[in-house]
Number of protein chains: 2
Amino acid sequence: MNISALLTSAGINSAVCLVFLSLYSILRKQPSNFSVYFGRNLAQVNPTRDHHVRYQRFVPSPSWIVKTWQTPEAEILVTAGVDAVVFLRIVVFSLRIFAVAAFVGIFLVLPVNYYGQEMHHKQFPRESLDVFSIGNVKEGSQWFWAHCIALYITSLTACFLLYFEYKSIAGMRLKHIRTSSPNPGHFSVLVRAIPWKPDESYSNTVKKFFTKYLGSSYLDHQMVYRLGTTQKLMAETEKVCKMLRFDNVDHGKNMVQCALPAGPSGTSKILSREPESIKGKPPFHDVGTASNVKEDAAAFVFFKTRYAADVAAKVLLSTNPMSWVTSNAPEPHDVYWRNLSIPYRLLWLRKIASLVAAIVFVFLFLIPVTFVQGLTQLDHLHHTFPFLRGLFKKKYMSQLITGYLPSVILLLFLYTVPPTMMLLAVIEGCISRTGRKKSACRKVLYFLIWNVFFVNVLSGSVISQIDTLSSLKEMPTQLARAIPSQATFFMTYILTSGWASLSSELMQPMLLIWNVFRRGILRRKDDLCAASFPYHAEVPKLLLFGFIGFTFSVLAPLILPLLLVYFFLGYLVYRNQILNVYTTKYESGGQLWPTVHNTTVFSLVFTQIISLYVFGLKKSKTAGAFMIPLIIFTLLFNEYCRKRFHPIFKSTPAELLIEMDLEDEQSGKIEEFHQNLEMAYCQFTLKSQDPVKSAHLSPPVPSEYLEDPSPALAQQNPTKN
Amino acid sequence: MNISALLTSAGINSAVCLVFLSLYSILRKQPSNFSVYFGRNLAQVNPTRDHHVRYQRFVPSPSWIVKTWQTPEAEILVTAGVDAVVFLRIVVFSLRIFAVAAFVGIFLVLPVNYYGQEMHHKQFPRESLDVFSIGNVKEGSQWFWAHCIALYITSLTACFLLYFEYKSIAGMRLKHIRTSSPNPGHFSVLVRAIPWKPDESYSNTVKKFFTKYLGSSYLDHQMVYRLGTTQKLMAETEKVCKMLRFDNVDHGKNMVQCALPAGPSGTSKILSREPESIKGKPPFHDVGTASNVKEDAAAFVFFKTRYAADVAAKVLLSTNPMSWVTSNAPEPHDVYWRNLSIPYRLLWLRKIASLVAAIVFVFLFLIPVTFVQGLTQLDHLHHTFPFLRGLFKKKYMSQLITGYLPSVILLLFLYTVPPTMMLLAVIEGCISRTGRKKSACRKVLYFLIWNVFFVNVLSGSVISQIDTLSSLKEMPTQLARAIPSQATFFMTYILTSGWASLSSELMQPMLLIWNVFRRGILRRKDDLCAASFPYHAEVPKLLLFGFIGFTFSVLAPLILPLLLVYFFLGYLVYRNQILNVYTTKYESGGQLWPTVHNTTVFSLVFTQIISLYVFGLKKSKTAGAFMIPLIIFTLLFNEYCRKRFHPIFKSTPAELLIEMDLEDEQSGKIEEFHQNLEMAYCQFTLKSQDPVKSAHLSPPVPSEYLEDPSPALAQQNPTKN
């Protein structure tokens, strides 16, 4: 591939991007698309829509860019929460570090590469891209110190930026916890594996246990019910409730939605008029079908103070570690109810099974990846499919196939990954939606780094030599040889997968088509349900591009300007999407960042090791030796950050919790909050809206864009905790 | 090596053993050796010694064996504590599992190996040992199912036994905690990295912090002082105390030994007559030199209940995870004071440094090991040292060199390992003596398994092919090829290192010589100080033999009878030593067992994987395939045990602590205990005994046998907590 082919590819992609952006600026002005492009506004307020037909509506305008650009971070923090800000910080961090890397790369490394050996340079557009990579520098050259310095500058700047980002995000997390209004999640503990006693209901067992051991701080509890049998009850419940005209009784917003909270207080009393008396059954037995309802061996236990709840979640309660297992309860909207019913004793098996499934999935994916890589190597294709030879003779076809098609095919295959990993995270048994996304995020990340990067590098450079992996000693040398030659592929990958996917993210074509279909054919006037941000799909993408960027920063710095454009576009697009499209139903409080930090450090160390081997291959041992202190420094830096910041993301400091408890106590509002606490977790909601509408909860949009809504969450207004 | 050579070796070793045992039975009857062989009795009571010269004193008798054999486990538990019983359980477990393995091996596997291929068998004594290994079975034989079944029986029995041992030991640990008298360690928390405030002493900072945040359960605290400056003060202190006739005031046993406890109460008041008033200095300023004494950023904080202390040790206290770092306090006798002064921020660096040092040590050790292995291969020696050829011509010399010498040399080198690892554990910064031993134990274990097993197998089979390690894929095949051929070396290793080291453990030759020297030349009449059991040296030894036993159980079952003898002898010797020689100064409550369990499972899985590859090499794919479910089962079994039992060894269940707290509250004795609590941790002791005697604390016995006594522990009577 030469400069002109790269420019062709960049040109096509820029044009596509521009068309998409213009189209977006028009489409967003159409009132019918309001629910596609302004999901957040729709969810938060009932906005007035502009139904007048004005000519401006059909003229592309950059106003949204200006608005997105000008919104301050503080506003995003208030509107979209810590997670959204942390996500944008990934983009900002990448922009900063790659701006530095690009500067160093283009003004220091690129000239050294280009004039690396005495050769006759062609006309610039016909110059092969390999001339700009480290491969062009002759062996044993003294100029490798330029690469070495560049790597030092990039690595040290990255560590510096990472440290301050980690510090700032940790501070943001603490501030978020400190300033949030009383959150039911902080006062609650999820207890699983409650031991079964033949003469007692689970509910009674829980009550007795916590009254005996943590009586001074125990407040109340709420059982989790088995879903299968109770879902059938929903219709019945609704009838009964309507009969009781329960809908009209104003017991606070939550009570209308809660149908089956257990414990002696709350709506259950109103429904049952009898406290829990029948073994293993909730106080619901006077409703005809209620005999089917069974308690699960799990419960939410509420405590008087945050500190008491946090402590109960941390300590080993029982002498049998397989019973009375506690963990911090997720926020009410964050609970993934379906998984609470999984018996705790099966959880470890499920974790192992989902891990094995993920590994199998990763290796099955080798098939399309290997196929795609075949496309970049025309010679191989000529051999395999001789009948295609005529096609390849046309130059633009050949350029299109080598420069564009492989990435597009790979991209399409990659669309299946986030939903699959999300499914595996569900199978794993995550109890919260944020936990599920975090688990899926990590799985997708490993998947991408392995399948997009390593497999492409190894299979692309020496097709059918995957068994070189088996040689541990040869591996880094093999990689050092293969990576610089694969720069071309990753440049086109950034152009297609990066730029194009951002435009598609902005346009939301699937959702748009579905919206048109609903309005045009189904004749539905109501709005689409807004989804929450697909962190598990977008974070790994950003991190993968970061990984590619670091790896090639010194070896083939021509990739960096493309990356900068990607991150800049990403900054605009993601800001816009977070501000307008996605809602914030739940919040992990920035728990993404440790993963981001670790991945970035991994990228840095990987880059340094590969550079060490590349210098070795190029017979510049001094430059190689200079890498070793840098590697040690980076690893020590990571270890320090892990000690210094990571514990804050694993658990909330007691200092903070106790201060909040003291304030609450002084304010006197805590009593009221305690009363509401018992109704905060609603496993079942009454379907007060019409059934036709509820049926539209699962439109055929990719499931990574739309949450799988549990009954409790489906029709609720998203409230920020 | 053939059967007769093995028998020669076994004969020599049995004779040596018998001589040692007889010698021991005589030596132990001599009153002058009382302090060598009855350290525990000496430490616990002041026994009446039999000074009459009777003829029985010079006749060997097996009475000690009978006595050792008959002592019930319950008595050992009471006398020597949980750790000692857990240690003996390792021996019992090994005896049981290798009895099963030996039965299966000898009656099922050995005949199959012996008649594995059609060959002319020599006279039995001249039969090569290789005929009894799996190497003798011809390729593709149907008889491999015998090995397969044997491995299934051994593995399943091992899992079965492991499960019940883990369960029983976990129960023992819980019972030990439950029934122990109030232990200061349970009520205390060690706080490190106390933030420095310019206008306040550390002591005040601690007091304010805990009063503010955990005021309801906070009782008092005691600062840790810098050792360097204070040690100089000891002489001064003593003078002052004598002046005050403090020695004669009966303030309880502990108070006599405590010179510098901080906090407003306790002896410090008596000494200083003024509560803490000077910044950064303990309440000791009226003693002339006390201005040198400085507080460290570490303190013991005492709580009213066990549960409160446990909670304070578990939670993340501060918003800065690098300050106010808490951990469960060790028992008073278990504290390793010297390491408490290490600044917390350096701890992670020290851990990394000691890890690196351990790895370097492991690899430096390759030099003697490679040399030793050369000795087993006479052909190589003939090449390297032609002048030795004459020596080797004598048959007994050749047998001695191949069968005996390598193991002896290796054994001597190995004696340096436990003290080195102990030193590294100190550098690592362990705060308790049990923690230090646990850390050293793990390091010695990795060391032994790597350096005794793997290096011997790989370097012994193909000298100078250590770089085969670099090939990941080839590794198991390489091992599968090498291990069966190395059975001979490990048989002699068991004979020398195993049998002989047990006799030496029983005899305590170093201590005996030192005792004779002291009494004969130094003319000292007082007794030697009894050491505590060197778990860090003995546990890895047992586990290494277990590892060897499992690995060869199917490949070369002739090794098993030798192992059985070793474990049986070990059972007698260790029981005797625990009952008579070593004292129990501190107790980890069986925290050894998880290491033992994990190592045993590792041994099992390793054996299964190696067998899989051996079956593969022998072209018996069916037998190989049958290994896979066994491997999966073993791994799942381990994961289950980790879930089920391991948490009990990491932390004490809250249920238990709260029950104990309630009982204490009801008994009313807790007030008194709280008062004593403040004096439980004594960093400095008054040297009330004569200085000549104290100088004898470090006799030239190997340091792994004798604890490095801190001033606080040196002359104390061991009291069991």
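Where a number appears in this text, it was derived from the coordinates with a stated rule and is not lab data. Everything quoted here is computed from the prediction, not taken from an experiment. No Cβ is skipped: glycine too gets one built from the backbone with ideal geometry, and neighbour counts run over all protein chains shown.
Across peptide B:320-330, the average count of Cβ atoms from other chains found within 10 Å of a residue's Cβ is 3. Fewest-first ordering of A:196, A:64 by other beta carbons within 10 Å of each residue's beta carbon gives A:196, A:64. Ranked by the mean number of other Cβ atoms within 10 Å of their residues, highest first, the peptides B:652-663, A:106-117, A:340-351 come out as B:652-663, A:106-117, A:340-351. So the label point goes 7 Å from the Cα of residue B:103 along Cα→C-beta, right? Which residues of the range B:134-159 then have their backbone N under 13 Å from it? Once the point is set 7 Å along Cα→Cβ of residue B:103, B:153-154, B:157-158 turn out to lie under 13 Å by backbone N, inside the range B:134-159. Note on residue A:643 and residue B:92: with the Förster distance fixed at 35 Å, the Cβ-Cβ geometry gives a FRET efficiency of about 0.25.
Close amide H contacts of residue A:532 (hydrogens built in the peptide plane, cut-off under 5 Å, sequence separation of 5 or more or a different chain): A:583, A:707. Taken residue by residue and averaged, Cβ atoms of other chains lying within 10 Å of the Cβ of A:654-665 number 3.
A 21 angstrom limit on the alpha carbon distance is what I want to check against. Which of A:304/B:669; B:167/B:650; A:437/B:650; B:29/B:67; B:438/B:650; B:175/B:585 exceed it? Listed pairs above 21 Å: A:304/B:669; A:437/B:650. Annotation: peptides A:135-147, A:29-41, ranked by per-residue average of other Cβ atoms within 10 Å with the highest first, follow the order A:29-41, A:135-147.
Each Cα pair under 8 Å and six or more residues apart adds its separation to the average, and for the range A:475-591 the resulting relative contact order is 44 percent. For the peptides B:544-553, B:359-368, B:497-506, the ranking by mean Cβ contacts within 10 Å, running from highest to lowest, is B:544-553, B:497-506, B:359-368. Given R0 = 22 Å, the distance between the Cβ atoms of residue A:59 and residue A:19 translates into a calculated FRET efficiency of 0.90. Taking amide H as placed 1.01 Å from N in the peptide plane, the amide H of residue B:335 sits under 5 Å from that of B:433, each at least 5 places away or on another chain.
The mean count of C-beta atoms from other chains within 10 Å of the C-beta of residues in A:495-505, rounded to a whole number, is 0. Does the range B:554-677 classify as rounded, prolate or oblate by the C-alpha gyration tensor (a ≥ b ≥ c root eigenvalues; a/c under 1.5 gives rounded; else a/b over b/c gives prolate, otherwise oblate)? The shape class here is oblate. Counting 0.36 nm for each residue step from residue A:175 to residue A:609 and taking away their Cα separation leaves a gain of 152.4 nm.
Per-residue Karplus couplings for the range B:594-605, computed as 6.51 cos²θ - 1.76 cosθ + 1.60 with θ equal to phi - 60°, are listed in order as x, 4, 4, 4, 4, 5, 5, 5, 4, 4, 4, 5 Hz, Gly and Pro entered as x.
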